[in-house]
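The values are calculated or read from the model by the stated rules, or taken from the named source; none is laboratory data. Quantities reported herein were computed from a predicted structural model and do not represent experimental measurements. Cβ placement follows ideal geometry from the backbone for every residue including glycine, while neighbour counts extend to all protein chains displayed. Ligands, DNA and RNA are stripped out before the accessible areas are found, and what is left, the full protein with its side chains, is counted by its heavy atoms. Shrake-Rupley method; radii C 1.70, N 1.55, O 1.52, S 1.80 Å.
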Amino acid sequence: MSIIPIEVAMQHVYADEADQSQVERKLASAIETAEQFIGRRIYSTVEELNAARVAAAAQLSSVVQITSVPVPTPEGEMLQLIEESNQAAKYELTMQIRGIVVNPALEIGILLILGDLYANRENTTDKAANELPMGAKHHLQPYRVMGV
């Protein structure tokens, strides 16, 4: 289940029923973009957040620490790949532990990203592809976890 009902998303972008599957895909992308920007997973309820935190904390201890060897051998490359994989897993689990319950500011930020994705379905704008809409940044920035 999405943290933003599809009906709200459809109304936000003034989409027809025929475009629902496209709006669903873009909504999922907008949510992921917002989560990556703030460094946290966004949940619908406190119960979902708490369950995700418990599950992530349990999994965090199973992520293996590996020290890569800077040797250009197949074994060294494998160790580096495993280490990179572990770092990605740790980042994901950390995002879950730092999670947040959706609130009006997060919802508006996500809907602004969705609106931008829907309006600019083809890459014909002058702005950078990795740049969030200004209003979305304004709504998401207070919830962003900054560097460690």
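In this structure, E35 does satisfy being touching a residue at least 40 places away in the same chain (Cβ under 8 Å), of a type in the set (D, E) and not in a loop (DSSP other than H, G, I, E, B). Would you confirm whether any residue within the stretch 48-55 is outside any helix (DSSP H, G or I), modelled with pLDDT of 90 or more and open to solvent by less than 80 Å² (accessible area, probe 1.4 Å)? No: zero hits.
Entry remark, the stretch 14-47: residues being surrounded by fewer than 17 Cβ atoms within 10 Å (Cβ to Cβ) and of a type in the set (D, E, K, R) number 7 in total.
Scanning the stretch 11-22 for residues that are touching a helix residue (DSSP H, G or I) at 6+ places or on another chain (Cβ under 8 Å) and either of a type in the set (S, T, Y) or within 18 Å of G109 (Cβ to Cβ) (or both) yields H12, V13. Can A119 be described as farther than 18 Å from K26 by Cα and either open to solvent by 40 Å² or more (accessible area, probe 1.4 Å) or at pLDDT below 85 (or both)? Criteria not met by A119.
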